[in-house]
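Trainee: Pasting a structure here, questions to come.
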Amino acid sequence: TSGMVGILPPSEKKQGRKPTVCNRKSEKLPEGTQLYVKHLEEESPTEIVAQDLPLDVLYEDEHMIVLNKAAGMVVHPAVGNWQGTVVNALAYYLAHKSPFGSGEFIESDGKVKADQADGVDAVGANGEVVSFRPGIVHRLDKGTTGILVVAKTRDSLSALSAAFAAREVKKTYIAVTVGNPGKRIVIDKPIGRHPIHRQRMRVVPDPSKMNSSGMTVKERNDFGVGKSAAQRGRKALSFVDTLAFDGKLGVAQVRIETGRTHQIRVHLQDRTTPVYGDDVYGFADWNTRLVKSQGVQRPLLHAFKLELTHPVTGKKMIFRAPMAEDMIKVAIGTWPQGPTEREDIFELQEVEIIEE
């Protein structure tokens, strides 16, 4: 929901005036001002709109599809992004272009089949339940590029979701960083939602270490001792290895054992070597420099490699996706030898299927 706030200062109330809409966050109000709050319900769509949008398909069969997600694309429809998402594009592609069929979640006209997928649901025009994330197994942030796996059948969705939950899927990213995160670094720090800025995540402070610094009982409680697991944060494990550093910027490979929201971005921020271009966790002056020099306004983070077991055949598969052009340009500027030393990061590679 959204809304508006009306204000009625005492002087205007005496004159019989009506409340006026307040549009300024920093409005100074005299004592005795009455506030009027009106909630506006945002209209939600009743179906997913199939859209013919570009998709970079790395692999597809009857059971799943693997994409190299573009920057700026949200994975599935949600408040503020009902169209232009990966799911909107997939609905059209699977219905009209796929050589392997549309799967179990999408109708031949691009509409999502009712009650066929778990997700953020809405009541459709005919009263049926419509899932806004059919087949989605995992997500990437809007500004992050790289490998995204989507299931096409209920059995595949179940198997892949279980594999991700059991941490059987290996995920490796490439990040351009401000500063040098270091070689063979293990970051094992829990991540939780920021207590004030609720859209942000943070590394949750370690209460035991704080207590050794002389914190009071109240301060320890405020930081999480005795609180629920959600308040204390959830375990997050990242393995970082800097591939190149030019004295200012680094190119780092990051493998994550867990998949917490914003995990890599938060862990690298905690090392004071944030992802270049990250407007939430990064350095504002460096982000401005990236916009002015390259015209790039996103975190330079890429889901480079993903290793999993096929949900039906049981074969081990390794997918690699090249970085987007804007990130390649910055990475080469930092690491001129990169395309020669690590071609797999810069060029499209064949899917590797390992016969057991």
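The values are calculated or read from the model by the stated rules, or taken from the named source; none is laboratory data. What you are looking at is a predicted structure, and each value in this text was computed from that prediction instead of being measured. Positions of Cβ are generated from backbone atoms using ideal geometry, with glycine treated the same way; all protein chains shown enter the neighbour counts. All accessible areas refer to the heavy atoms of the entire protein, side chains included, with ligands and DNA or RNA removed. Shrake-Rupley method; radii C 1.70, N 1.55, O 1.52, S 1.80 Å.
Trainee: Do you know which residues across segment 150-181 are among the basic types (Lys, Arg), farther than 29 Å from residue 269 by Cβ and surrounded by 17 or more Cβ atoms within 10 Å (Cβ to Cβ)? Outline the logic, then answer.
Mentor: Initially, segment 150-181 is screened for residues among the basic types (Lys, Arg), giving 152, 154, 167, 170-171.
In the following step, the residues that additionally are farther than 29 Å from residue 269 by Cβ were identified as 152, 154.
Hit for segment 150-181 is 152, nothing else.
Trainee: With the requirement that a residue be open to solvent by less than 100 Å² (accessible area, probe 1.4 Å), more than 8 Å from residue 6 (Cβ to Cβ) and assigned to a loop (DSSP other than H, G, I, E, B), what does segment 17-39 give you?
Mentor: Within segment 17-39, 26, 27, 29, 30, 32, 33 meet the criteria.
Trainee: So which pairs qualify, if the first residue must be in segment 87-99 and open to solvent by 10 Å² or more (accessible area, probe 1.4 Å), the second must be acidic (Asp, Glu) and outside any helix (DSSP H, G or I), the Cβ gap must be under 6 Å, and the two must be at least 6 apart or on different chains?
Mentor: Short answer, once both residue conditions are applied: 92/52.
Trainee: To continue, here is another question. List every residue pair whose Cβ atoms sit under 7 Å apart, with the two residues 6 or more apart in sequence or on different chains, where the first one lies in segment 222-251 and is farther than 12 Å from residue 188 by Cα and the second, anywhere, is modelled with pLDDT under 90 and open to solvent by 80 Å² or more (accessible area, probe 1.4 Å).
Mentor: 224/231; 224/232
Trainee: For segment 267-284, which residues satisfy the criterion of being under 16 Å from residue 241 (Cα atoms) and among the hydrophobic types (A, V, I, L, M, F, W, C)?
Mentor: If the condition is that a residue be under 16 Å from residue 241 (Cα atoms) and among the hydrophobic types (A, V, I, L, M, F, W, C), then 268, 275 are the ones that fit.
Trainee: Quickly run through segment 301-339 and pick out the residues that are more than 18 Å from residue 176 (Cβ to Cβ), open to solvent by 60 Å² or more (accessible area, probe 1.4 Å) and either in contact (Cβ under 8 Å) with a residue 60 or more places away in the chain or assigned to a helix (DSSP H, G or I) (or both).
Mentor: 309, 312
Trainee: Is it true that some residue in segment 234-243 is over 21 Å from residue 335 (Cα atoms), hydrophobic (A, V, I, L, M, F, W, C), open to solvent by 10 Å² or more (accessible area, probe 1.4 Å) and at pLDDT below 95?
Mentor: From segment 234-243, those over 21 Å from residue 335 (Cα atoms) are 234-238; that's our starting set.
Narrowing further to those that are hydrophobic (A, V, I, L, M, F, W, C): 236-237.
Adding the requirement that they be open to solvent by 10 Å² or more (accessible area, probe 1.4 Å) leaves 237.
If we keep only those that are at pLDDT below 95 too, we end up with none.
Scanning segment 234-243 turns up no residue that is over 21 Å from residue 335 (Cα atoms), hydrophobic (A, V, I, L, M, F, W, C), open to solvent by 10 Å² or more (accessible area, probe 1.4 Å) and at pLDDT below 95.
Trainee: Sort out which residues of segment 140-190 are of a type in the set (D, E, K, R) and either in contact with a Gly (Cβ under 9 Å, 6 or more places away or on another chain) or not in a loop (DSSP other than H, G, I, E, B) (or both), and write them in order of number. If you could, list the steps in order and put the result at the bottom.
Mentor: Taking segment 140-190 as the starting set, the residues that turn out to be of a type in the set (D, E, K, R) are 141-142, 152, 154-155, 167-168, 170-171, 183-184, 188-189.
Scanning segment 140-190 gives 142, 152, 154, 155, 167, 170, 171, 188, 189.
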